[in-house]
Amino acid sequence: MGAKTRKEALLAGPHVEEICSTIGNVARIAAVVELREALAACEAAETRPLELVLLNPQRKPLSARENLQNRKILEAFVQFRWHIEAIQREFDAESNERSSEGDASELNRRPKW
């Protein structure tokens, strides 16, 4: 019970805003990378080790396990990027639909001479 109370306390007030702001920043940064570029990075990581550890870019991978971790991170990024793109397409479709409905209602309101 104590752990649940502690989690609720951490997510109260300004912490939620800070977390949402950070997530929004990550999403905006991720949107700069094209999905095809992220897929190409995944393919490259499958054929050869990357020159750095993605979670610690100050050093090179030291083991096959770290190379695998890099590939998994790239795959997770591709999934994340794909979801961002799907959300954006959905938003754009809804915006276009509303715009079309607005245009149609505008035409209906105009006087017919």
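Quick notes
- Cβ-placed point charges (K, R +1; D, E -1), dipole of the range 49-93 about Cα centre in debye, nearest 20: 300 debye
- Rounded to whole Hz, the Karplus (6.51, -1.76, 1.60) HN-Hα couplings of the range 38-54, x for glycine and proline: 5, 5, 5, 5, 4, 4, 5, 5, 6, 8, 7, x, 6, 7, 8, 7, 4
- Across the range 65-81, rounded Karplus estimates of 3J(HN,Hα) from the backbone phi angles (6.51 cos²θ - 1.76 cosθ + 1.60, θ = phi - 60°) give 4, 5, 5, 5, 4, 4, 4, 5, 5, 4, 4, 5, 5, 4, 4, 4, 5 Hz, Gly and Pro being marked x.
- Sequence of 78, 16, 32 once ranked by neighbouring C-beta atoms within 10 Å, starting from the fewest: 32, 16, 78
- Qualifying trypsin sites (Lys or Arg not before Pro) in the range 14-63, DSSP loop, other Cβ atoms within 10 Å at most 16: 59
Read the figures in this text as sums done on the coordinates, not as results from a lab. None of the values given here were measured: they were computed from a predicted structure. Counting neighbours? That spans all protein chains shown, and the Cβs are built from the backbone with ideal geometry, glycine included.
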